[in-house]
Amino acid sequence: MAGSHGDERAWIRGAQRGSESDLESLFRHHWPRAYRAAYLVVHDAAAAEDIAQEAFLAAVRSLDRFDRRRPFGPWLHRIVVNRAIDWSRARALRREVGEEALVSVAAGDRPENPHPQTLASALAELSPEHRAVIVLRHLLEYTPGEIAGLLGLPRGTVNSRLRRGLDELAQQVEEDVR
Amino acid sequence: MSWREPAPGESEAGERSWRVVREAFDERIPAPRPRNWRPLVAVAVAAAILAAAFTPPGQAVLGSLRDVVKGEENAKPALFSLPSPRSRLLVNSSQGAWVVQSDGSKRLLEGYRDASWSPRGLYLIAVRGHELRALEPNGDVHWSIGRAGLDDPRWSSEGTGDERIAYLARRTLRVIGGDGRGDRALARDVTRVPPAWRPRTHVVAYVDGNGRIVVRSADSGAVQWTASVRQRPAALEWSGDGRYLLARSASSLTIFSSTGRQRLEPLAQGAAPVVDAAFRPLSHGIAFVQRAAGRSVLWFYPQLLPDATAARRVFAGAGSFEAVAWSPDARWLALTWKSADQWLFIRSAAVRKVIPVSGIEEAFGPNARIAGWCCP
């Protein structure tokens, strides 16, 4: 997949000048990981679509003010992951459906879910904040220091969440996930 | 662990989202380029607040923020109307009793307390000073009777014009006719728990001085049955068809059959405190509120079965939920979120819609509590 930092800067510059094709390149380059990150935190395809889409809409709204010297990905992922955490926490606070319904929705996802089921279901067992740091580390491949910056957390907290989250995942999946 | 595979729906969602993003891009108005990082700062602040909430102490902080500041977002600033048409709310507060019509208009019956509806909502029974008064929702008093230590009057749900009113006068349970005649003591040395009439009968349940539940005919005085529960009951309520009696205690619920011979205790010992519970009209479902560790949860038992009384979580939030009430058509739940100064009107126990209303204390005065959501 193309998409060096130079490409990205060019796409942003083009989009800022009104080029739809540059915006599309930017979108298609970043969509998969943005959507995947949201999905792995919220475990709900519709919510993941809303979250990732809203992050791109925020990008469009802020496009003219965006500093091209900064990488676009971390900015986008910060929005996506924080909104995904927020959504998960809100769902925990306000159940929109009963537990039984949630179970049936999760079961319905299985046939078309190419993610290893053990990973998806094991991640779902973690808290949103643990899911988030694991997704940022292993899907989006940020360093713990970068994650700390993205989430505004002390690096030690990120490390401990990673360690604890991966330990829980390992127990769930029963294989080495690191 | 592989992170490379697409997530479910990724491609289709991408195509849909691209169309939305492209439209937004086409419609945007390019702005001049002064550097402005406020959006990023806002995101960072939001991240910091969320981060603070991740640790247990931080969670407590966020909880208290939600308590005091937020409640549900997008709350209506006042109660503009009731979601259930042609219904009326009765609200007891430190200012008095409020009657709220479905269009949101409301009337204060100043100085009244412990008000409750008559069976068809034509009258109220309430206490003012040392008088028990039957009055119309517009405040016109039909009759009154003076007694010392008045509390918790409740109108029987006979609905035929031959109603009774049970009330407490100090530690005596008394009964009086709906027309204000025939006042008499039914039981002495009772606990201060509002009496509960079995629907369409003159049978009343109350809690005696030993904490036992007593079910008794108000006409003959005959005791039909008594029962003890693990914890002293704090509230009693019959199901709408009179088949079950619900006793709420500090941290338990007990549901009795109408004869008292069978009982169901769906909450295990050590459960979190139960602050309110209410039968769903026209069914045997029960909504109830638990509160612990700075959080509250509204639950719903859709059915009462010995081995299948499973609770469904309806709504949870930080702070204190205080009371739950069903609309008369059983389609809405009203939840009092005291610490957020909000009421939530929740469309069914499956939460199809939530209408939050804020500014409750300003509208009704301190300690506002829904005392009844009545009939058209």
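If you scan the stretch B:241-265, which residues turn out to be surrounded by fewer than 19 Cβ atoms within 10 Å (Cβ to Cβ) and closer than 24 Å to B:Ala330 by Cβ?
B:Asp241, B:Gly242, B:Arg243, B:Ser257, B:Leu264
Just to be sure, is A:Leu40 under 15 Å from A:Arg78 (Cα atoms), surrounded by 21 or more Cβ atoms within 10 Å (Cβ to Cβ) and within 9 Å of chain B (Cβ to nearest Cβ)?
Values: under 15 Å from A:Arg78 (Cα atoms): yes; surrounded by 21 or more Cβ atoms within 10 Å (Cβ to Cβ): yes; within 9 Å of chain B (Cβ to nearest Cβ): yes.
Yes.
Would you tally the residues in the stretch B:100-141 being more than 22 Å from B:Arg164 (Cα to Cα) and in contact (Cβ under 8 Å) with a residue 12 or more places away in the chain? If you could, list the steps in order and put the result at the bottom.
To start, the set of residues in the stretch B:100-141 that are more than 22 Å from B:Arg164 (Cα to Cα) comprises B:100-111.
From what is left, the residues that are in contact (Cβ under 8 Å) with a residue 12 or more places away in the chain are B:100-104, B:106-111.
Looking only at that region, the number is 11.
Kindly check whether there is at least one residue in the stretch A:91-114 that is modelled with pLDDT of 85 or more, under 20 Å from the mean Cα position of the chain (by Cα) and within 11 Å of chain B (Cβ to nearest Cβ).
No: zero hits.
Looking at the structure I just gave you, is A:Leu23 assigned to a helix (DSSP H, G or I) and either in contact with a Leu (Cβ under 9 Å, 6 or more places away or on another chain) or more than 10 Å from chain B (Cβ to nearest Cβ) (or both)?
So A:Leu23 passes the test.
For a quick check of your reading: which strands (runs of 3 or more DSSP E) sit entirely within the stretch B:193-298 and have at least 3 residues that are at pLDDT 90 or above and under 30 Å from B:Phe345 (Cα atoms)?
B:235-238, B:244-248, B:253-257, B:274-279, B:286-292
Being aromatic (Phe, Trp, Tyr) and away from chain A (no Cβ under 14 Å) is the filter here; which residues of the stretch B:285-327 pass it?
Passing the criteria: B:Phe288, B:Trp326.
Would you be able to say whether some residue in the stretch A:56-65 is buried (at least 24 other Cβ atoms within 10 Å of the Cβ), within 15 Å of the chain's Cα centre (by Cα), at the interface with another protein chain (Cβ under 7 Å from one of its Cβ atoms) and not aliphatic (A, V, I, L, M)?
Yes, the stretch A:56-65 contains at least one residue that is buried (at least 24 other Cβ atoms within 10 Å of the Cβ), within 15 Å of the chain's Cα centre (by Cα), at the interface with another protein chain (Cβ under 7 Å from one of its Cβ atoms) and not aliphatic (A, V, I, L, M).
Inside the stretch A:8-20, can you point out the residues that are away from chain B (no Cβ under 11 Å) and either surrounded by 19 or more Cβ atoms within 10 Å (Cβ to Cβ) or aromatic (Phe, Trp, Tyr) (or both)?
As a first pass, look at the stretch A:8-20 and keep what is away from chain B (no Cβ under 11 Å): A:8-14.
Hits for the stretch A:8-20 are A:Glu8, A:Trp11, A:Ile12.
Taking A:Ala46 as meeting all but one of (1) surrounded by fewer than 18 Cβ atoms within 10 Å (Cβ to Cβ); (2) more than 7 Å from chain B (Cβ to nearest Cβ); (3) more than 14 Å from B:Ser11 (Cα to Cα), write down the number of the exception.
Checking A:Ala46 against (1) surrounded by fewer than 18 Cβ atoms within 10 Å (Cβ to Cβ); (2) more than 7 Å from chain B (Cβ to nearest Cβ); (3) more than 14 Å from B:Ser11 (Cα to Cα), the one that fails is (3).
Give me the residue from the stretch B:193-251 that is β-branched (Val, Ile, Thr) and touching a Ser or Thr at 6+ places or on another chain (Cβ under 6 Å) and, out of that set, nearest to B:Glu163 (Cα to Cα). If you could, list the steps in order and put the result at the bottom.
As a first pass, look at the stretch B:193-251 and keep what is β-branched (Val, Ile, Thr): B:193, B:201, B:203-204, B:207, B:213-215, B:223, B:226, B:229.
Restricting the remaining residues to those that are touching a Ser or Thr at 6+ places or on another chain (Cβ under 6 Å) gives B:203, B:207, B:214, B:229.
Values: B:Val203: 11, B:Val207: 21, B:Val214: 20, B:Val229: 29 Å.
Here the answer is B:Val203.
The values are calculated or read from the model by the stated rules, or taken from the named source; none is laboratory data. Keep in mind that this is a model prediction, so the values were computed, not measured. Cβ coordinates were reconstructed from backbone atoms using ideal geometry, including for glycine residues, and neighbour counts include every protein chain displayed.
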